[in-house]
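One structure below.
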Amino acid sequence: MKQALKNSILPLAITLGMFGIGLATSQPVHAAHMDLGTDVSKYQSSVTNVTGKDKFSFAQIGGTINGWIYDQAPYSYQVNQGRNDDFRMHSYIWLQDGANQAQTKAAMDYFLSKIQTPYGSIVAIDWEEGASADKEANTANVIYAMQLIKQADFTPVLYSSRNYLNQTLNVNEITKQFPNSLWLAEYWYSGDIEPDFNHFPTYDNVAMWQYNYTPRDLDVDLTGITDNGYTKNTNVNPSDQPIAPQPQPSKPAWNLQTYTVQSGDTLNGISNKVGDSVATLEANNQVSNLIYPGQKLLVNNFNHYNLNENKLTQRVRYVQPGDSLTRLSYLIGDSWQTIVANNPDVFANGYYSTIYAGQPIYFYR
C-alpha cells in the first residue's frame with residue numbers, strides 16, 4: 001500500500017538514541033493486550049483478519065498530489081465490509097502537496113465530507129512523498145491539515161516513517177498541538193505476523209506502530225486510539241469558525257523597484273549598477289540590447305536610490321513532478337537564467353541544481 005516507505009525500509013537493529021528527537025532508553029518495550037489491525041488501499045479488495053486477532057483496520061479514501069485530488073474506489077466497500085465483520089474502521093488520506101496549504105484545504109474540504117467512518121474515528125494523514133525543502137512550511141501545512149480534521153469532528157493522526165518525519169518536519173511542533181498522534185511505520189524482518197516489541201522503534205508520541213508489511217500492512221494500537229469513534233470519548237470539539245492557515249516562513253526579502261535609463265547606459269552597465277544579471281533585466285522588462293534614455297526598467301535589489309514606482313509583485317509556482325528548469329522557463333515565461341537568479345537557494349548550483357516537487361519558485365510580474 002505505502003510504496004514509498006516500502007522502497008526505503010532499513011532494518012531497525014540500531015542503537016537507540018540515534019536519529020535525534022524523542023528516542024528513549026535502550027530497554028526493550030514490552031506490551032500486552034494491545035489490539036492488532038491492518039490498513040488497506042486499492043491494492044487490497046477487502047479487509048481480512050491476518051493475525052486472527054485483528055480488531056481494527058484503516059481504508060484509504062483517496063489523496064492529493066500537488067493539486068490533483070483522486071478517490072480510492074474500494075473505500076466504501078472496504079469500510080462497510082470491515083464494519084460488518086466487526087472491525088473498528090478508520091480512514092486515511094494521502095497528502096503529497098509539500099507546503100501548499102491552499103491545496104491541503106481543497107483536499108480536506110473534498111474528503112472530510114465523504115468520510116464513512118464514525119465521527120470521532122481516526123482520519124490519518126499519510127505523509128510519505130512530496131515534501132518541500134522548507135521544514136517549517138511543511139510542518140505548518142501538516143498542522144493545518146490536522147486542525148481541519150479535528151474541526152470536522154474526527155481524530156487527527158500523522159502517518160510516516162521515522163526518517164521521513166525527521167527529514168521533512170519539525171515533529172515536536174506537531175505533537176505539541178496533537179500529543180500521541182503519530183502512526184510510525186518501521187519494519188522488522190522477523191517473519192512474524194505479530195509485533196516483536198524487542199525491536200520497537202522507540203519514539204515519543206507514537207500512538208500506533210506499523211511493524212510489518214507482509215502479507216499485508218500490519219499495525220498495533222499502543223494507546224487505545226483505535227477505540228476513538230467507537231467506545232472512547234475523544235474530547236473532539238469541532239468549531240463552526242474557519243481555521244486560519246498556519247503562519248509560513250517569510251519569503252525572500254526583495255526590494256523590486258525601477259531604474260531610469262540614462263544617456264550612455266547599456267544593459268551591461270545597468271547590470272553592474274543594480275546587481276541584476278543582463279538576462280534578468282531582459283526577462284523582467286522584455287528588452288534586448290535596444291534601450292533608450294528615460295526608459296524605466298524593473299530591477300531587483302536596487303538600493304542606490306529610493307525609488308518606489310512600478311514595483312513588481314512576487315508570485316510563486318510550486319515545483320510539480322516532472323518539472324525541470326527548462327519546463328519552468330516555458331511555464332513561467334522567464335529565461336532559465338532569470339529563474340536561477342530569482343531563486344538562489346533552490347538553484348545553488350545554477351543550471352545543474354536538482355529540484356524537488358513542492359519547492360517554491362518565485363517570479364515577478
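The values are calculated or read from the model by the stated rules, or taken from the named source; none is laboratory data. Every value quoted in this text rests on a predicted model; they were computed, and no experiment measured them. Cβ atoms come from the backbone with ideal geometry, glycine included; neighbour counts cover every protein chain shown. Ligands, DNA and RNA are stripped out before the accessible areas are found, and what is left, the full protein with its side chains, is counted by its heavy atoms. Shrake-Rupley method; radii C 1.70, N 1.55, O 1.52, S 1.80 Å.
Under 7 Å between Cβ atoms, which residue pairs at least 6 apart in sequence (or on different chains) link something in region 276-295 that is exposed (fewer than 15 other Cβ atoms within 10 Å of the Cβ) with a partner that is among the polar types (S, T, N, Q)? Pairs that qualify, where the first residue is exposed (fewer than 15 other Cβ atoms within 10 Å of the Cβ) and the partner is among the polar types (S, T, N, Q), are P293/Q262; P293/S263; G294/T260. Only residues that are at positive phi and under 23 Å from the mean Cα position of the chain (by Cα) were counted across region 341-357, and they come to 0.
Okay, residues lined up against (1) acidic (D, E); (2) more than 20 Å from Y356 (Cα to Cα); (3) touching a strand residue (DSSP E or B) at 6+ places or on another chain (Cβ under 7 Å):
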{"residue": "S113", "(1), (2), (3)": "no, yes, no"}
{"residue": "D126", "(1), (2), (3)": "yes, no, yes"}
{"residue": "L148", "(1), (2), (3)": "no, yes, no"}
{"residue": "P179", "(1), (2), (3)": "no, yes, no"}
{"residue": "P201", "(1), (2), (3)": "no, yes, yes"}
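With respect to the conditions (1) farther than 30 Å from T48 by Cβ; (2) free of Cβ contacts under 8 Å to residues at least 40 places away in the same chain; (3) surrounded by 23 or more Cβ atoms within 10 Å (Cβ to Cβ), I125 falls short on a single one, namely (1). Contact map, region 65-87: residues that are under 18 Å from T231 (Cα atoms) paired with residues that are of a type in the set (F, W, Y) and not in a loop (DSSP other than H, G, I, E, B), Cβ distance under 7 Å, separation 6+ or inter-chain. Pairs shown: F87/F56. Count of region 346-365 residues, restricted to those that are in contact (Cβ under 8 Å) with a residue 40 or more places away in the chain and surrounded by 12 or more Cβ atoms within 10 Å (Cβ to Cβ), is 10.
Here's a check for you: in region 313-340, which residue that is of a type in the set (V, I, T) and open to solvent by 30 Å² or more (accessible area, probe 1.4 Å) is nearest to the chain's Cα centre (by Cα)? Of everything passing the filter in region 313-340, V316 is nearest to the chain's Cα centre (by Cα).
For region 90-120, a residue qualifies if it is modelled with pLDDT of 95 or more and under 16 Å from D219 (Cβ atoms), and the qualifying residues are H90, S91, Y92.
Among the residues of region 215-236, is any open to solvent by 70 Å² or more (accessible area, probe 1.4 Å), among the hydroxyl-bearing types (S, T, Y) and at pLDDT 65 or above? Yes, the conditions are met somewhere in region 215-236. Before we move on, is A140 open to solvent by less than 50 Å² (accessible area, probe 1.4 Å), touching a Pro at 6+ places or on another chain (Cβ under 9 Å) and touching a residue at least 60 places away in the same chain (Cβ under 8 Å)? Yes, satisfied.
Of the residues making up region 156-167, those that are in contact with a helix residue (DSSP H, G or I) (Cβ under 7 Å, 6 or more places away or on another chain) and surrounded by fewer than 24 Cβ atoms within 10 Å (Cβ to Cβ) are P156, S161.
Filtered by the rule that a residue be without any contact (Cβ under 8 Å) to a residue 60 or more places away in the chain, outside any loop (DSSP other than H, G, I, E, B) and of a type in the set (A, V, I, L, M), region 148-177 gives I149, L158, L165, I174. The requirement of being under 26 Å from L169 (Cα atoms), open to solvent by 20 Å² or more (accessible area, probe 1.4 Å) and at pLDDT 80 or above is fulfilled somewhere in region 187-209, by at least one residue.
So, of the residues in region 257-289 that are modelled with pLDDT of 80 or more and assigned to a loop (DSSP other than H, G, I, E, B), which turns out to be nearest to the chain's Cα centre (by Cα)? Ranking the candidates gives V287 first.
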